[in-house]
Amino acid sequence: MKIMVGIKRVVDYAVKIRVKGDKTGVVTENVKMSMNPFCEIALEEALRLREYGLASEVVAVSVGPSQCLDTLRTALAMGADRGIHVHSTSSLFPLSVAKILTHLVLFEKPSLLFLGKQAIDDDCNQTGQIIAGLLNWPQATFASKVLLHKDKQVVTVDREVDDGIETLSLNLPAVITTDLRLNQPRYATLPNIMKAKSKPVNKFTLEEFNLQIKSDLEILQVTEPPKRKPGVLVASVDDLIHKLKHDANVI
Amino acid sequence: MMLKFRSILYKWNSKSKSAFVGSSQSLHNNHGFSFSRVPTSPSFCTASDIQYDVVIVGAGPAGLSAAIRLKQMCSERNTNLSVCVLEKGAQVGDHIISGNVFEPRALNELLPQWKKQEPPITTPVTSDKFWFLTKARAISLPSPFNNQGNYVISLSQLVRWLGAKAEELGVEIYPGFAASELLYDANNKVIGVGTNDMGISKDGSKRENFQRGVEIKGRITLLAEGCRGSLSEKIMKKYNLRERGGAEHQTYALGIKEVWEIDEEKHQPGAVIHTLGWPLDHKTYGGSFLYHMKDKQISIGLVVALNYQNPFMNPYEEFQKLKHHPAIKPFLEGGTVIQYGARTLNEGGFQSIPYPVFPGGAIIGCSAGFLNVPKIKGTHTAMKSGMLAAEVAFGAINEGLDMNMYWDALRNSWIWEELRKSRNYRPAFEYGLIPGLAVSGLEHYIFKGRHPFTLKHGKPDHEATNAAQLHSPIQYPKADGVLSFDVPTSLHRSNTNHEHDQPPHLRLRDPKIPELVNLPVYAAPESRYCPARVYEYVADEQNQMKLQINAQNCLHCKACDIKDPKQNIEWTVPEGGGGPGYTVM
């Protein structure tokens with residue numbers, strides 16, 4: 001049984017973000033990039049299922065520029081069996097990525113597709129859901145517990161939703177997006193990093209897939225959030241009412 | 001923007017402390033699911049022997065130059081050696097911080113074609129100013145430096161580029177792995193290093209993702225950990241390397257630096273400014289630098305010698321004061337800070353060079369200490385020392401040469417000549433700022449190191465601190481948030497992070513000393529010299545002040561290891577991948 005995991009290369013979570021001078025985006029030059037933390041969790045879950053003997057192969061997939069190869073190598077070092085890199089230098093929004101991954105899924109035929117619930121750069125939280133729609137597969141997002149049944153035909157997933165925990169039962173093949181409390185990703189050990197160098201990574205371009213990806217979204221501007229203004233001490237209740245009425249215009 | 005998500009994860013998961021926890025642990029058998037324990041790591045347990053010809057600890061200028069030189073010699077002589085470089089930072093360059101006005105002398109020897117290989121060396125020095133600062137004025141003095149032919153660079157970027165060059169030649173670089181111990185054979189010869197266990201929780205128990213450290217064996221081990229390297233210090237003590245080399249103790253300074261992006265009109269690429277004097281007093285050696293790089297970026301920093309006497313001195317706050325000086329302020333107004341960082345550097349020079357060879361390997365770069373203090377440059381000598389060690393190591397492995405020839409190679413090289421000539425500048429400042437300047441003038445224009453005597457250093461830095469009762473607390477101005485900042489704001493700009501649930505890597509040899517000695521006698525200097533606010537004294541339930549160690553903030557600068565009056569604080573290496581994330585420093 002094959003499991004495919006989507007991996008995104010994003011700005012490292014510990015980096016202090018700066019907006020570019022021309023406001024078209026954030027500075028990514030000379031900035032540390034890493035695997036999206038939720039993708040790490042997704043990969044970890046896939047690896048555990050393989051270690052339980054329920055899957056035979058874990059394939060890591062990434063879409064983006066050539067530096068994505070570094071992120072894929074990290075995935076291989078954590079334990080993925082092989083990698084697929086779809087090369088693209090244009091800015092990719094969830095619908096485009098979903099279309100590309102859908103094409104790959106139809107080609108590779110995994111029984112489970114794991115993704116992180118969202119990327120920490122755009123916080124879109126859409127790709128998993130869109131893919132499930134395009135493939136017409138069942139989906140369980142915000143997974144905090146995954147139980148794959150021995151017969152490998154059904155998976156039970158606990159989802160963290162606003163009301164609490166919702167438990168779903170899905171028939172395979174299915175899409176699962178992972179949330180924070182699902183697991184603790186393993187460290188890539190040195191011996192595994194060394195072994196990862198010889199694991200295969202297949203590279204594709206969009207032309208090979210006969211896919212035209214045009215984006216329906218255009219980023220107009222990126223700005224920093226306004227700086228937090230200091231509070232003002234008021235001397236009396238009347239003063240407060242006056243300020244609320246005339247300065248803040250809320251009463 | 002996501003916060004440290006893993007630390008949040010740990011707090012929530014605290015109920016499950018056992019070593020093996022899978023997300024599917026508490027499941028019900030009526031679904032027909034067979035649960036087996038989460039294995040620690042699939043293939044690790046059999047990796048008992050990771051063996052290389054040369055193991056290098058530290059992917060800095062010295063370590064990478066050594067690695068590159070080894071591979072070059074391999075292709076020159078048609079042989080092959082396996083070379084492995086271990087780096088505790090998450091990426092090559094993450095822990096590299098320096099002024100930096102780069103003298104390409106060693107690079108010219110290492111990679112003669114470097115100019116054609118798109119290096120991040122694009123800003124030649126265009127002007128060289130030297131100011132004596134008083135509180136209100138900047139008095140121009142003749143510049144003692146000769147930076148013709150040098151470049152203003154970000155060393156972090158240069159090291160990243162060197163790392164790429166090394167990998168192209170077949171060097172294996174493994175960032176995110178901290179070498180925490182030296183491995184010895186039965187004859188006490190170093191046979192390699194061991195990396196840290198990963199995934200140990202604060203209380204010492206194993207976390208869910210525990211991984212035992214690995215042993216990486218090398219026929220030769222080169223230690224290139226930078227100033228006050230933890231393994232280097234251990235091996236120097238074990239083999240008495242300072243005595244063997246006839247060396248005095250090492251002396252140090254703490255450099256605190258920011259990179260700013262400033263207004264285009266104020267930016268002069270290649271402009272170099274050094275200052276002396278204010279805000280430091282006549283008894284404290286140090287000065288500031290302001291270098292214009294490319295892309296409207298400037299490096300600005302203050303370097304303070306760690307043999308300062310007043311325990312109330314706060315180098316970080318002195319740096320914040322400096323930025324308000326009327327001659328410095330104009331550059332910064334309208335600009336934004338991009339990164340912040342700090343690191344100690346060697347000032348012992350010629351007098352403090354230890355014997356750098358030990359059974360099984362050698363010490364290269366700033367871990368030994370080849371920084372030229374009057375020039376304030378150490379990159380070129382660090383690189384050259386790495387190259388020399390590589391050449392001897394190659395001979396040792398392939399031709400049975402003695403690794404001790406590295407000592408001879410150093411003494412016959414331009415490193416020795418250069419450091420010998422400049423040996424009396426820094427020690428002269430033991431007598432005060434004016435005598436120091438006077439001697440510097442004489443040295444620079446007349447003597448050039450050609451006299452038979454060698455001045456000695458003063459007390460070791462940690463012994464130089466006076467008791468607090470001899471001084472009064474210094475009132476530092478509050479940060480204005482525009483030019484000067486508080487420590488947490490600055491720290492955030494260093495991109496520093498550590499896995500928070502790990503044992504603190506700053507160890508107290510005697511846990512009672514901070515409250516018995518540091519606080520009452522010296523008024524807790526560690527709460528002032530640490531540029532990351534790792535050390536804080538906080539009142540406990542009985543209203544007693546207790547030392548709190550915020551190890552997660554650590555910038556790996558080593559100031560505490562150097563300056564703690566009783567040498568009670570030991571800096572050990574934390575889990576690999578933690579620490580600052582410098583990209584333009």
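Quick notes on this structure:
- About its Cα centre, chain B has a charge dipole of approximately 460 debye under the convention of +1 per Lys or Arg Cβ and -1 per Asp or Glu Cβ, with nothing else charged.
- Bridges between two residues of chain B, per DSSP, are antiparallel at a rate of about 70%.
- Mean separation of Cα contacts under 8 Å (6+ apart) over length of segment B:96-173, as relative contact order %: 41
- Sparse packing (at most 13 other Cβ atoms within 10 Å of the Cβ) combined with a DSSP loop state is found for the following GluC sites (Glu not before Pro) in segment B:456-541: B:Glu541.
- Structure note, pairs A:Lys8/A:Lys150; A:Lys16/B:Lys294; B:Lys129/B:Lys323: Cα-Cα distances above 26 angstrom occur for A:Lys8/A:Lys150.
- Contact order for segment B:330-385, expressed relative to its length and based on alpha carbon pairs under 8 Å spaced 6+ residues apart, stands at 29 percent.
- Among the GluC sites (Glu not before Pro) in segment A:162-219, those located in a DSSP loop and surrounded by at most 15 other Cβ atoms within 10 Å of their own Cβ are A:Glu207, A:Glu208, A:Glu218.
- Fewest neighbouring Cβ atoms within 10 Å first, the residues A:Asp70, B:Asp510 line up as B:Asp510, A:Asp70.
- Counting only DSSP beta bridges whose two residues both lie in the protein assembly as shown, roughly 60 percent are antiparallel.
- Around B:Val584: net Lys/Arg minus Asp/Glu count, Cβ-Cβ under 13 Å: +3
- When the protein assembly as shown is described by a simple charge dipole with +1 on each Lys and Arg Cβ and -1 on each Asp and Glu Cβ, the residue from B:Gly170, B:Leu107, A:Val27 located farthest towards its positive end is B:Leu107.
- Value of [θ]222 nm, deg cm²/dmol, for chain A, DSSP H segments ≥ 4, -39500 (n - 2.57) each, nearest 500: -8000 deg cm²/dmol
- Shielding value for A:14-21 is 5, the average number of Cβ atoms from other chains within 10 Å of each residue's Cβ.
- About the Cα centre, charge dipole magnitude for segment A:1-157 (Lys/Arg +1, Asp/Glu -1 at Cβ), debye: 80
- Structural descriptor for segment B:374-453: relative contact order 22 percent, calculated from alpha carbon pairs under 8 angstrom and at least 6 residues apart.
- Proxy reagent accessibility, fewest Cβ within 10 Å first, across B:Val55, B:Val517: B:Val517, B:Val55
- A straight line joining the Cα centroids of segment B:470-505 and segment B:56-105 runs 31 Å.
- Mean per-residue shielding of peptide A:186-199 is 6, counting Cβ atoms of other chains within 10 Å of each Cβ.
- Note on segment B:426-532: along the principal axes its Cα atoms extend 56, 39, 32 Å, ordered by decreasing extent.
- For chain B, the orientation-averaged shadow of the C-alpha convex hull comes to 30.2 nm² (one quarter of the hull surface).
- Listed by chain and number, the lysines placed with their C-alpha closer than 16 angstrom to that of B:Lys206 are B:Lys11, B:Lys15, B:Lys17; residues fewer than eight positions away on the same chain are left out.
- Point-charge dipole on Cβ atoms (K/R +1, D/E -1) for segment B:150-283, about Cα centre, debye to 20: 740
- Centre separation in Å (Cα based) which lies between segment B:160-229 and segment A:53-83: 25
- Over chain B: helical MRE at 222 nm, DSSP H runs n ≥ 4 each giving -39500 (n - 2.57), nearest 500: -6500 deg cm²/dmol
- Positive minus negative residues near B:Gln91 (Lys, Arg vs Asp, Glu; Cβ under 10 Å): -2
- Rounded D (µm²/s) - the protein assembly as shown, Kirkwood Rh over Cα pairs, Stokes-Einstein at 25 °C, 0.890 mPa s: 85
- Shape call, segment A:89-160: gyration tensor on alpha carbons, a/c limit 1.5: oblate
- Sequence of A:Ser96, A:Ser144, A:Ser169 once ranked by neighbouring C-beta atoms within 10 Å, starting from the fewest: A:Ser169, A:Ser144, A:Ser96
- Debye equation applied to the C-alpha atoms of segment B:163-243, log10 I(q)/I(0) at 0.13 Å⁻¹: -0.55
- Neighbour net charge for B:Lys566 - beta-carbon separation under 15 angstrom, K R +1, D E -1: -3
- Selected from B:Thr336, B:Ala305, B:Ile273, residue furthest toward positive end of dipole (segment B:253-349; charges at beta carbon): B:Ala305
- Choice from A:His103, A:His85, A:His149 showing the highest fluctuation, given a GNM over chain A with Cα pairs closer than 10 Å: A:His149
- Farthest toward the positive end of the dipole of chain B, out of B:His498, B:His444, B:Pro520, is the Cα of B:His444, where the dipole comes from beta carbon charges about the Cα centre.
- The mean number of Cβ atoms from other chains found within 10 Å of a Cβ in peptide A:36-48 is 2, as a whole number.
Just so you know, all these numbers are worked out from the coordinates, no wet-lab data involved. Please read these numbers as outputs of a predicted model, since none were measured by experiment. We place every Cβ from the backbone using ideal geometry, glycine too, and count neighbours over all the protein chains shown.
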